[in-house]
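In what follows, a structure is listed as structure tokens, so that the remarks can point back to it.
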Amino acid sequence: MNIVYTHLEGCFILEPKIIKDDRGYFYESYNKNTFKRITGLDINFVQDNQSFSTKGVLRGLHYQIGDAAQAKLVRVIQGAVLDVAVDIRKDSATFGQYVAIELSNDNKKQLFIPRGFAHGFVVISDEAEFAYKCDNFYSKEHERGIIYNDGQLAISWPFKNDELLVSEKDSILPAFKDAEL
């Protein structure tokens, strides 16, 4: 597995070693020992989540606060998404900046998102199955979010606002400047 660092401290891309032959392919999507060796992080993932969405569905930007904050390791099983992580750590040199990466079943890349980041994605293929590991359990009372089209963040989504399918809950999230961080 290869690690590619982003400009956001602690947020990086993992590229697996894929073994291909005439039968298909094999790769190890996660190995705690390998993850620790290449990242230096001893993360204990405690929850796996998976979603299915169609083209134009945007989920996010979500995060949890306080002791319920979560680190995530995200990937796409089928299809493709534009995945976005926003640094919301107030003491960070990259506070308010984001990284966007295409994750797909073709490239098999994964994005590690540390605690202190908001996360979201939009489906760019006809359909997508999205999976992620969390190092902390979901907590409804600690769940927060930022509106996906916030002008200060200026995320470059690949669709116009009227082409996106956004849940009612996600469409009324606060602006970045008003978000509880």
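Laboratory data are not the source of any read-out in this text; all were calculated from the coordinates shown. Keep in mind it's a predicted model, so treat the numbers as computed, not measured. Ideal geometry is used to build each Cβ from the backbone, glycine not excepted, and the neighbour counts take in all protein chains shown.
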- Task: Identify all residues within region 103-159 that are among the polar types (S, T, N, Q) and either assigned to a loop (DSSP other than H, G, I, E, B) or free of Cβ contacts under 8 Å to residues at least 60 places away in the same chain (or both); write none if there are none.
- Result: Ser104, Asn105, Asn107, Ser125, Asn136, Ser139, Asn149, Gln152, Ser156
- Message: When you scan region 34-50, do you find a residue that is in contact with a helix residue (DSSP H, G or I) (Cβ under 9 Å, 6 or more places away or on another chain) and aliphatic (A, V, I, L, M), even just one?
- Response: yes
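Would you point out the residue of region 82-129, among those that are polar (S, T, N, Q) and closer than 28 Å to Asp178 by Cα, that is nearest to the chain's Cα centre (by Cα)?
Filtering region 82-129 for residues that are polar (S, T, N, Q) and closer than 28 Å to Asp178 by Cα, the one nearest to the chain's Cα centre (by Cα) comes out as Gln97.
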- Can you name every residue in region 1-14 that is of a type in the set (Val, Ile, Thr) and either free of Cβ contacts under 8 Å to residues at least 24 places away in the same chain or in contact with a helix residue (DSSP H, G or I) (Cβ under 9 Å, 6 or more places away or on another chain) (or both)? Ile3, Val4
- Query: strands (runs of 3 or more DSSP E) wholly in region 15-54 with at least 2 residues that are in contact (Cβ under 8 Å) with a residue 12 or more places away in the chain, surrounded by 10 or more Cβ atoms within 10 Å (Cβ to Cβ) and touching a strand residue (DSSP E or B) at 6+ places or on another chain (Cβ under 9 Å) - which ones?
  - Reply: 47-54
